[in-house]
Amino acid sequence: MDNCTLDRLGIKDPRLIEDPKLEDQYKIYHNQPARFIHLLQTYSCLCPKCGQTMRKNGFKTVHIVGLPSGGVLNVFSIRKQKFICPDSPDCPKIVT
Ligand SMILES: [Zn+2]
């Protein structure tokens with residue numbers, strides 16, 4: 001999937017890329033046939049509280065149901081980067 005394909009799907013967020021670990025799959029989602037489009041959102045980030053560069057701390061997967069195409073529901077499965085502030089007693093926040 002390239003940027004042209006992402007644009008055709010209506011995905012405007014430049015931080016979303018095709019997930020290199022997963023390929024699109026057809027599954028049943030809430031009793032309907034669905035195409036799962038796997039995307040990855042990762043970037044570097046500064047702590048909103050203390051301003052330090054945050055460490056990457058795993059991913060959280062969310063599903064967003066898009067409009068159907070070709071009679072099949074499109075489900076965007078997005079692995080979103082989670083962040084944690086570097087060791088600091090004042091700022092133990094986890095941010096997605
Ligand atoms: Zn912080």
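The values are calculated or read from the model by the stated rules, or taken from the named source; none is laboratory data. Small disclaimer: the values here were computed from a predicted structure and weren't measured. Using ideal geometry, Cβ is built from the backbone for each residue, glycine included, and neighbour counts are taken over all protein chains shown. These area figures cover heavy atoms from the full protein model, side chains too; ligands, DNA and RNA do not enter into them. Shrake-Rupley method; radii C 1.70, N 1.55, O 1.52, S 1.80 Å.
Got a sec? Charge dipole of the stretch 3-95, +1 on Cβ for Lys and Arg, -1 for Asp and Glu; which of Leu40, Gly58, Ile17 is way out at the positive end?
Going by the charge dipole, the pick is Gly58.
At a probe size of 1.4 Å, how large is the accessible area of Leu40, to the nearest 10 Å²?
20 Å²
Return the lysines within reach of Lys12: Cα separation strictly under 27 angstrom, same-chain partners fewer than 8 residues apart disregarded; answer none if there are no such residues.
Lys21, Lys27, Lys56, Lys60, Lys80, Lys82
Which percent of the accessible heavy-atom area of the stretch 3-95 goes to carbon and sulfur, probe 1.4 angstrom?
On the stretch 3-95, the fraction of accessible area on carbon and sulfur atoms equals 53 percent.
Please report, in cubic angstrom per residue, the volume enclosed by the convex hull of the alpha-carbon atoms of the stretch 3-95.
113 Å³
For an R0 of 30 angstrom, estimate the FRET efficiency from the Cβ-Cβ distance between Lys49 and Lys12 and round to the nearest 0.05.
Once rounded, the FRET efficiency stands at 0.60.
Just for the chain, what percent of DSSP beta bridges are antiparallel, to the closest 5?
So the antiparallel bridges amount to about 70 percent of the total.
How much mean residue ellipticity at 222 nm does the chain get from its helices, if each DSSP H run of length 4 or more adds -39500 (n - 2.57) and you divide by all residues, to the nearest 500 deg cm²/dmol?
The per-residue figure over the chain is -1500 deg cm²/dmol.
Magnitude of the Cβ-charge dipole of the stretch 3-95, K/R +1 and D/E -1, about the Cα centre, nearest 20 debye?
Result for the stretch 3-95 is approximately 200 debye, rounded to the nearest 20.
Apply the a/c threshold of 1.5 to the C-alpha gyration tensor of the stretch 14-58 and tell me whether it is rounded, prolate or oblate.
Prolate, since a/c reaches 1.5 and a/b exceeds b/c.
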